[in-house]
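The values are calculated or read from the model by the stated rules, or taken from the named source; none is laboratory data. Keep in mind the model is a prediction, meaning the values are calculated, not measured. FYI the Cβ positions are ideal-geometry reconstructions off the backbone, even for glycines, and counts take in every protein chain you see.
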Amino acid sequence: MEHLFLVFIALPLVVGGAVLVGAWLLTKIMPGDAAAAKAAAAAQAAAIPAHGPDYARLTPRRKAALRTGIVVLLGLALLTIVEFFLAALGSTALMFVIIILKAALIMYFFMHIAAVWRTEEAH
Amino acid sequence: MRVLKLGLVQGVFGGILGWLFGFALVIGSRLLLGLPAQWNPNLTGLAAYEPAVVVAGIFFVVGFMIGVGAVSDWLKWARGIDTPFNHGARIPGTSELARYFNVDYSHKVIGIQYAITGVLLLGVGGTLAMIFRLQLAQPELNFVPPDVFNTMISAHGMIMIGGILLGVGGMSNYLVPLMIGANDMAFPRLNAFAYWINVPGALLLCVAMVIGGWNTGWTGYPPLSAQAPLGVQYFFLGVFFIGLSSILGSLNIIVTTMTMRSPGMSLFRMPVFVWSAFATAIIQLTATQFIGLSFLMVLVQRILGMGFFDPGGPVWSEVDKWAGGGNPILFQHMFWFYSHPAVYLFVLPGLGIISELLPVFARKPLFGYKWIAMSSMAIALVGFLVWAHHMFVSGMSNYLRVPFMMSTLLVAVPTGVKFFSWLGTLWGGRIEFKTPMLFALGAISVFLIGGLTGPPLGTVATDLNLTDTYYVVGHFHATMFGGFIFPFLAALYYWFPKATGRMYNERLGQLHFWLMTPAFWVMSLGQIFVGMHGMRRRIATYEVGLDIGTAQMMVTIAGFVIFISVLIMMFNLFVLARRGQRAGANPWRSRGLEWQVPSPMPEMTYPATPVVVGEPYDYGKPGSIYVQFAPAAPALHTGASITGGD
Amino acid sequence: MTAVAESYQVQTRRNRMGFWLFFLSESFLFGGLLVARYYLWGNTRPSMEDTVIGPLHISYQVIPLMITAVLLLSSFFMNRAEVAIANDDRKTFSRSILLTVLMGLIFLLGVLIFEWGWKTVDGQIVLGRHISPTDGVFGAVLYGMTGMHALHVVSGLVLLMLVWNLGRKGHFSPEKHWGVEATAIYWHYVDLVWVFFYPAIYLIGVGVHAAGH
Amino acid sequence: MDQGTHRRSYRRHFIIVSILVAIVAVISIVGLWAVPEFPSASTQAITVNWLFDLHLAVIGFLFALVMVFMLYILFVFRRRAGEEGDGDHFEGNTKLEIIWTVIPLIVVLSFGVIGAVTLRDVTAAQENEMTVNVTAFSFGWQFDYPEQGVEKATTLKLPVGRPVHFKLKSLDQDVIHSFYVAEFRVKQDLVPGVPTELRVTPNVEGAYRVRCNELCGTGHTNMLADVTVVSQADFDAWVAEQKAAVSPERLAAMGQELHASQGCIACHNVTGEPGGVGPTWKGLYGSERQFADGTSGVADEEYLRTSILASQERLVAGYAAVMPQNYADVLSDQQVAALIEYIKTLK
């Protein structure tokens, strides 16, 4: 069982950590970077305000988006609970209907699939 | 040392460091946990450390990509540093040649890198074939031991496929942006990444041959591949990374085609090659995941004991235990779901090249442009529904055989449309027999053999006899040569003057053709003949009693003639052409966009935006114009718009 | 040395299309795993015994439902972060990203520990054999599916931390925040995959108890 | 040339090329049919051959159509010396495109129907079938006749004219093999964990071979077994002989056959040459063996039996543990005894 622990918990963590550290080290030793890194650090030093310049103007849009988000989340939660209890019926087709509904909610509202076909930026 | 500064060399160093790091990481963690370093004390050498070797192989690729510099820009982005988009030599003071050994974002450089690497891989695979063809020249020769023989045929198969994938990548990367009037691909950095990840992938494939080899054939069916020597793991990894390159490259092609066409270039005014590259990209983008996944599943079955394909124990219908239940047939379904459409992705760009070249050399419009374009899409889509015809004898359920037989035979229809449309294109032309045209015509004749030998494999009853015999080998090689190798050579000869500004030696080009084509006919028909006379596929030798020695000898000799003719081409293109004639902008009098700019092309192919105002193949129609360069920018050379005909 | 200069909007449109094509490709990968699941498991699935910890009796089914809920909730916060940065609210952006990361980690640990490594012996939780990858096709497919998904969660977490760091430095604006958008749709995609995986692993089919467990 | 002359000369060319296509098509179909055929020996082969000949006819016609058409065009419409300018301008012909889409579609669909019918013929169950259980393993074949009570035969004997129902399996820990007798024209994979079946009615007496047709590893090339189709009387005699007791000499001879047919030969030579995958059998009996675990012992009968059935228990030093461990399932007691008798004779 140590094997299991090694392969699935310790190893991914160690490997992931090693990759991150290695990548970080490599970006450090990459030639011609010192100046850029310094500039980035300087930019960071300048205080970033908590809100951008258009914060106030955009408040209605934020509120609308938050409402949509909550409604979608509630919808997903409801569907998940329905799914959980309907599993006892043993109907795979019914499950798939629910899955598709959930997937459509996520793709349309969270992933903005419509944006792929949008040619004008609507920001 | 200037050589040490080359990205390729740094990549190899990075790869080796990565390998050692990965190996040490796994072994070190094991030792830390108080386990013995070896997994299987019965085995010797690297095979005893198989999981560590696999992890090391993955880190080899990571190390290579970091070392070569293919991810430097992304690492900088991750830290919030914007990087300029360089087009041109990146390291000041190095030669133009050095661009090809470094990460370069120009699609023209990447296209040539793809093509050259592809040719190299094809050369390695071809050399392997020459060695084992010697053994097969006569019955009961045994100078190549069976295990080495199996490794060689397996490596021949997959290395050739890798070479073909790279060749396809080369053609589409180089040609698609040129043909749609774009200066580069949509994602140049991703493009470079997609090319460079092939290099460690190909290296892994080659290393697989020396760390134990593998005896599964290129198909790698379990349970054999689950029991094969260590080399099979690097075979899996190599294919996995080459597949990753396919996916990323095709994503790039699709976005480029969809968003970067010149003004006025509607979908049905695209050169027909772009259609076939697009159809290819759709297959590559989606189906490739399946071969990656199927190989990954065998890989983890070997190192973690996950029994996807291990039938040991009770079958799943009597599940009262959690042991066993794996099914080797599942692998075949997943494998062929990629590997059959893969055949179409090898040939579609080739067929596109044929359709592209015939109008230029016959001085005629492409007959039935829309039909040819749509037949590419039809082949790509039907190609997704036919995979199980490779499994007619596999033990697949009987009632599935008939629908798959039907869908398989249906592929003949769009392919037939292409053949007849080509004939229609040639009819009434003024046909000129330059080397590229010869290869395009040779491709038609060779692909015809491949195509016509297909239906007997499609109908189940005859397939029960023919499958897994040398008949299949003959059919498949004819399809690959006619669908890829011949058109690829045609493309090499055709775009060579555009890329280099020099003309190759026409006479040697013709010699190449006249050696290669008859030799290929002999080889292919010979393979088909021996296949129908009891020669099985993938056997190290055969009995005297089969009485096929003469035919086999002819196949071997023909194979060598092909090999030599390719050497002639290499000599022609890489040695003679350095001192060849200057080619001029448009030696073939083509209407294509890329031929309206000087040869070799400037770094930014189209400083002035090309505007498409006509049909791509209107040869012979007086006053017809395909492209005009935007009036705002200065015209590139006199007659920036061209007319077809006189 | 000319740059191929394209406006941020044009490049973003291409990026978006490329990313969706990447999702299309990935869905074939996950689809392949689902194919393996239906081919090998048919109308069955592994079912583990309920757990008793002290006075608590926990139905095994509840834990997957909980981690699923956590992942859905993380998607909500990811959406909130994206909306915030697109509408000039950097503070909410930072907070929401961190919440998303937190929930992602909870999901990951839920998979790693409760799914893969947890068992109770005499009311005590011990790490160890719950169902192991060597347990025939049940173990193999279960680990294959959750493992491949967990790999994507880990990479999503890395992306989240990166955009959080960049956001902290003020890299994003309502006009230019493709980095956030990409991370957001990637994270939602990981969620989307789980929408398909969760019923396939835990709900569809007849639960089969392991003999001798 | 003006448009009118073109039309006329097109029609002339079209007539000439059609005649040429017809002639060459007849020649190539006849030529293809005349290519010597591999002998066939089952009723299934008749159906398969018939369908293949039908394919050949279509192949011959299409080959002539495309090649003759193309070569004729290349000749007639070639660019002549000094000729400049472009070809005739026409962009396509929807009627033609529809014709050459629909006709192939019809041909293809009819082939689909024919294919389905022939498939039914080839796989249909017959009356009075004899069952033979075939087991494949790396690298050999084993045939059981449950109705006759013959077990673990190493060669396949079949009575002529009697439909045979092969039930095929590969051992669970083994790999995929494929059962193929080229003269019978049909084959079927043997997949571990998935039982498969195949039906053959041999109709010509003679000696053939089963050849493994799916790459299965080192011994794939030599994974052969003899097939003899004999008269019913000879078959009955053979069954009787299989069931009778045998002498040591006969056993040793059987062992020699097994050495080749079971694939032992792939790793164990009998010539004494060094360097094989496994130890040579020459001079093996009675010799002193050094084992991988450091112990040693004399190669007596008991040792040989262990080595065949579970070689890894007493692995000889210097050799890898690659020998299959499934010979207890594969070999009958008599066959193990036969191998031991054979090794004893190799002094």
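Rundown of residues vs (1) in contact (Cβ under 8 Å) with a residue 24 or more places away in the chain; (2) touching a Phe, Trp or Tyr at 6+ places or on another chain (Cβ under 8 Å); (3) crowded, with 20+ Cβ neighbours inside 10 Å, yes/no style:
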| position | (1), (2), (3) |
| --- | --- |
| B:7 | yes, yes, yes |
| B:10 | yes, no, no |
| B:13 | yes, no, no |
| B:36 | no, no, no |
| B:42 | no, no, no |
| B:51 | yes, yes, no |
| B:62 | yes, no, yes |
| B:97 | no, no, no |
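With the requirement that a residue be in a loop (DSSP other than H, G, I, E, B) and touching a residue at least 12 places away in the same chain (Cβ under 8 Å), what does region A:46-95 give you?
So in region A:46-95, the residues in a loop (DSSP other than H, G, I, E, B) come out as A:46-50, A:52-58, A:90-91.
None; the set is empty.
Inside region B:294-328, can you point out the residues that are at pLDDT 60 or above and either touching a Cys at 6+ places or on another chain (Cβ under 8 Å) or assigned to a helix (DSSP H, G or I) (or both)?
We begin by selecting, within region B:294-328, every residue at pLDDT 60 or above; these are B:294-312, B:323-328.
Answer for region B:294-328, where residues must be at pLDDT 60 or above and either touching a Cys at 6+ places or on another chain (Cβ under 8 Å) or assigned to a helix (DSSP H, G or I) (or both): B:294, B:295, B:296, B:297, B:298, B:299, B:300, B:301, B:302, B:303, B:304, B:328.
Does residue B:199 satisfy being at pLDDT below 95 and within 28 Å of residue B:56 (Cα to Cα)? I'd like the intermediate steps shown before the answer.
Numbers: at pLDDT below 95: no; within 28 Å of residue B:56 (Cα to Cα): yes.
No; evaluated as a whole, the condition is false for this residue.
Does at least one position in region D:289-312 carry a residue that is among the aromatic types (Phe, Trp, Tyr), in a strand (DSSP E or B) and either touching a Gly at 6+ places or on another chain (Cβ under 7 Å) or surrounded by 13 or more Cβ atoms within 10 Å (Cβ to Cβ) (or both)?
First, the residues of region D:289-312 that are among the aromatic types (Phe, Trp, Tyr): D:291, D:303.
Checking which are in a strand (DSSP E or B) leaves us with D:291.
Pick out the ones that are also either touching a Gly at 6+ places or on another chain (Cβ under 7 Å) or surrounded by 13 or more Cβ atoms within 10 Å (Cβ to Cβ) (or both) and you get D:291.
Yes, some residue in region D:289-312 is among the aromatic types (Phe, Trp, Tyr), in a strand (DSSP E or B) and either touching a Gly at 6+ places or on another chain (Cβ under 7 Å) or surrounded by 13 or more Cβ atoms within 10 Å (Cβ to Cβ) (or both).
Can you work out which of the residues in region C:56-96 that are outside any helix (DSSP H, G or I) and among the polar types (S, T, N, Q) is farthest from residue A:57 (Cα to Cα)?
Restricting attention to region C:56-96, the residues satisfying the condition of being outside any helix (DSSP H, G or I) are C:56-61, C:87-89.
If we keep only those that are among the polar types (S, T, N, Q) too, we end up with C:59, C:61, C:87.
Numbers: C:59: 50, C:61: 47, C:87: 9 Å.
That would be C:59.
Residue B:567: within 11 Å of chain D (Cβ to nearest Cβ) and either surrounded by fewer than 21 Cβ atoms within 10 Å (Cβ to Cβ) or in contact (Cβ under 8 Å) with a residue 12 or more places away in the chain (or both), yes or no?
Working: within 11 Å of chain D (Cβ to nearest Cβ): no; either surrounded by fewer than 21 Cβ atoms within 10 Å (Cβ to Cβ) or in contact (Cβ under 8 Å) with a residue 12 or more places away in the chain (or both): yes.
No; evaluated as a whole, the condition is false for this residue.
Identify the residue in region D:73-99 that is in a helix (DSSP H, G or I) and surrounded by fewer than 20 Cβ atoms within 10 Å (Cβ to Cβ) and, among all such residues, is farthest from the other protein chains (Cβ to nearest Cβ). Steps first, please.
Here is the first cut: in region D:73-99, the ones in a helix (DSSP H, G or I) are D:73-76, D:94-99.
Within this subset, residues satisfying the condition of being surrounded by fewer than 20 Cβ atoms within 10 Å (Cβ to Cβ) are D:74-76, D:94-96, D:98-99.
Numbers: D:74: 6, D:75: 9, D:76: 9, D:94: 8, D:95: 11, D:96: 7, D:98: 9, D:99: 9 Å.
Filtering first and then ranking leaves D:95.
Can you find a residue in region D:185-193 that is at the interface with chain B (Cβ under 10 Å from one of its Cβ atoms) and among the acidic types (Asp, Glu)?
Within region D:185-193, the first condition is being at the interface with chain B (Cβ under 10 Å from one of its Cβ atoms), and the residues that meet it are D:185-193.
Next cut, among the acidic types (Asp, Glu) only: D:189.
Yes, there is a match, as at least one residue in region D:185-193 is at the interface with chain B (Cβ under 10 Å from one of its Cβ atoms) and among the acidic types (Asp, Glu).
So if I check each of D:51, D:105, D:65, which one is in contact (Cβ under 8 Å) with a residue 12 or more places away in the chain and closer than 30 Å to residue B:439 by Cα? Explain how you work it out, then say what you get.
Working: D:51 fails: closer than 30 Å to residue B:439 by Cα; D:105 fails: in contact (Cβ under 8 Å) with a residue 12 or more places away in the chain.
Just one listed residue meets the conditions, D:65.
Would you confirm whether any residue within region B:171-179 is of a type in the set (Phe, Trp, Tyr), in the same structural domain as residue B:261 (by TED's automatic domain parsing) and surrounded by 23 or more Cβ atoms within 10 Å (Cβ to Cβ)? Spell out how you get there, then give the answer.
Residues of region B:171-179 of a type in the set (Phe, Trp, Tyr): B:174.
Filter again for in the same structural domain as residue B:261 (by TED's automatic domain parsing), leaving B:174.
Next, from what is left, pick out any that are surrounded by 23 or more Cβ atoms within 10 Å (Cβ to Cβ): B:174.
Yes, the conditions are met somewhere in region B:171-179.
Just give me the residues in region B:399-415 being at the interface with chain D (Cβ under 7 Å from one of its Cβ atoms) and farther than 15 Å from residue D:110 by Cβ, in sequence order. Give the derivation first.
Here is the first cut: in region B:399-415, the residues at the interface with chain D (Cβ under 7 Å from one of its Cβ atoms) are B:401-402, B:405-406, B:409-410, B:412-413.
B:401 - this is the single residue of region B:399-415 that is at the interface with chain D (Cβ under 7 Å from one of its Cβ atoms) and farther than 15 Å from residue D:110 by Cβ.
Given the structure, is residue B:191 of a type in the set (S, T, N, Q), within 14 Å of chain C (Cβ to nearest Cβ) and surrounded by 22 or more Cβ atoms within 10 Å (Cβ to Cβ)?
Working: of a type in the set (S, T, N, Q): yes; within 14 Å of chain C (Cβ to nearest Cβ): yes; surrounded by 22 or more Cβ atoms within 10 Å (Cβ to Cβ): yes.
Yes; evaluated as a whole, the condition is true for this residue.
Inside region B:1-101, counting only helices (runs of 4 or more DSSP H) that do not spill past its ends, which hold 2 or more residues that are under 30 Å from residue D:321 (Cα atoms)?
Values: elements: B:7-32, B:50-68, B:72-78.
Here the list reads B:7-32, B:50-68.
Quick check: anything in region B:431-446 among the aliphatic types (A, V, I, L, M), in a strand (DSSP E or B) and in contact (Cβ under 8 Å) with a residue 60 or more places away in the chain?
Quick first cut of region B:431-446, residues among the aliphatic types (A, V, I, L, M) only: B:431, B:437-438, B:440-441, B:443-444, B:446.
Those left that are additionally in a strand (DSSP E or B): B:431.
When the remaining residues are screened for being in contact (Cβ under 8 Å) with a residue 60 or more places away in the chain, the result is B:431.
Yes.
Can you tell me which residue within region B:445-465, out of those that are over 27 Å from residue D:73 (Cα atoms) and more than 7 Å from every other protein chain (Cβ to nearest Cβ), is farthest from the chain's Cα centre (by Cα)?
Going through the qualifying residues, I end up with B:463.
Going residue by residue through region B:243-250, is there one that turns out to be free of Cβ contacts under 8 Å to residues at least 60 places away in the same chain, under 21 Å from residue B:50 (Cβ atoms) and surrounded by 23 or more Cβ atoms within 10 Å (Cβ to Cβ)?
no
Looking at region B:476-531, which of the residues that are among the hydroxyl-bearing types (Ser, Thr, Tyr) and either under 20 Å from the mean Cα position of the chain (by Cα) or part of a helix (DSSP H, G or I) (or both) is nearest to residue B:179 (Cα to Cα)? Reasoning before the result, please.
Just the residues of region B:476-531 that are among the hydroxyl-bearing types (Ser, Thr, Tyr), to begin with: B:479, B:493-494, B:500, B:504, B:517, B:524.
Adding the requirement that they be either under 20 Å from the mean Cα position of the chain (by Cα) or part of a helix (DSSP H, G or I) (or both) leaves B:479, B:493-494, B:500, B:517, B:524.
Numbers: B:479: 26, B:493: 17, B:494: 14, B:500: 17, B:517: 29, B:524: 34 Å.
Applying the filter and picking the extreme gives B:494.
Under the condition of being crowded, with 18+ Cβ neighbours inside 10 Å and of a type in the set (Ser, Thr, Tyr), which residue from region C:10-41 is farthest from the other protein chains (Cβ to nearest Cβ)?
Here the residue is C:12.
Restricting to region D:194-205, what's the tally of residues that are within 9 Å of another protein chain (Cβ to nearest Cβ) and either over 19 Å from residue B:395 (Cβ atoms) or more than 16 Å from the chain's Cα centre (by Cα) (or both)?
Adding up the residues that qualify gives 2.
If you go through region D:116-165, how many residues are within 25 Å of residue D:176 (Cβ to Cβ), assigned to a helix (DSSP H, G or I) and in contact (Cβ under 8 Å) with a residue 12 or more places away in the chain?
Adding up the residues that qualify gives 2.
Could you check how many residues of region B:131-154 are among the acidic types (Asp, Glu) and either loosely packed, with under 15 Cβ neighbours inside 10 Å or modelled with pLDDT of 95 or more (or both)? Can you show your working first?
Going residue by residue through region B:131-154, those that are among the acidic types (Asp, Glu) are B:140, B:147.
Add one more test, that the residue is either loosely packed, with under 15 Cβ neighbours inside 10 Å or modelled with pLDDT of 95 or more (or both), and what stays is B:140.
Of the residues in that region, 1 qualify.
For residue C:155, indicate whether it is over 21 Å from residue C:11 (Cα atoms) and outside any helix (DSSP H, G or I). I'd like the intermediate steps shown before the answer.
Details: over 21 Å from residue C:11 (Cα atoms): yes; outside any helix (DSSP H, G or I): no.
Spelling it out, it is not the case that residue C:155 is over 21 Å from residue C:11 (Cα atoms) and outside any helix (DSSP H, G or I).
Each row is one residue, and each column tells you yes or no for (1) under 21 Å from residue B:268 (Cβ atoms); (2) under 22 Å from the mean Cα position of the chain (by Cα).
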{"residue": "B:331", "(1), (2)": "no, no"}
{"residue": "B:336", "(1), (2)": "no, yes"}
{"residue": "B:347", "(1), (2)": "no, yes"}
{"residue": "B:361", "(1), (2)": "no, no"}
{"residue": "B:365", "(1), (2)": "yes, no"}
{"residue": "B:391", "(1), (2)": "no, no"}
{"residue": "B:395", "(1), (2)": "no, no"}
{"residue": "B:405", "(1), (2)": "no, no"}
{"residue": "B:420", "(1), (2)": "yes, no"}
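Of all residues in region A:74-97, count the ones that are facing chain C (nearest Cβ under 8 Å) and surrounded by 14 or more Cβ atoms within 10 Å (Cβ to Cβ). Step through it out loud before you land on a result.
Within region A:74-97, the subset facing chain C (nearest Cβ under 8 Å) is A:76-77, A:80, A:83-84, A:87, A:90, A:92, A:95.
Within this subset, residues satisfying the condition of being surrounded by 14 or more Cβ atoms within 10 Å (Cβ to Cβ) are A:76-77, A:80, A:83-84, A:87, A:92, A:95.
Of the residues in that region, 8 qualify.
Which residue, of D:180, D:208, is under 30 Å from residue B:325 (Cβ atoms) and either part of a strand (DSSP E or B) or within 16 Å of the chain's Cα centre (by Cα) (or both)? Lay out the reasoning, then the answer.
Working: D:208 fails: under 30 Å from residue B:325 (Cβ atoms).
Matching residue, one of D:180, D:208: D:180.
Among the residues in region D:168-175, are any assigned to a strand (DSSP E or B), within 13 Å of chain B (Cβ to nearest Cβ) and surrounded by 24 or more Cβ atoms within 10 Å (Cβ to Cβ)? Step through it out loud before you land on a result.
From region D:168-175, those assigned to a strand (DSSP E or B) are D:168-170; that's our starting set.
Then keep just the ones that are within 13 Å of chain B (Cβ to nearest Cβ); that gives D:168-170.
Among the residues that remain, those that are also surrounded by 24 or more Cβ atoms within 10 Å (Cβ to Cβ) are: D:170.
Yes, region D:168-175 contains at least one residue that is assigned to a strand (DSSP E or B), within 13 Å of chain B (Cβ to nearest Cβ) and surrounded by 24 or more Cβ atoms within 10 Å (Cβ to Cβ).
Inspect all residues belonging to region D:32-40 and state whether any of them is in contact with a helix residue (DSSP H, G or I) (Cβ under 8 Å, 6 or more places away or on another chain), over 23 Å from residue D:119 (Cα atoms) and assigned to a helix (DSSP H, G or I).
Taking region D:32-40 as the starting set, the residues that turn out to be in contact with a helix residue (DSSP H, G or I) (Cβ under 8 Å, 6 or more places away or on another chain) are D:32-33, D:35, D:37-40.
With over 23 Å from residue D:119 (Cα atoms) added as a condition, the list becomes D:32, D:35.
Applying the additional criterion that residues be assigned to a helix (DSSP H, G or I) yields D:32.
Yes, region D:32-40 contains at least one residue that is in contact with a helix residue (DSSP H, G or I) (Cβ under 8 Å, 6 or more places away or on another chain), over 23 Å from residue D:119 (Cα atoms) and assigned to a helix (DSSP H, G or I).
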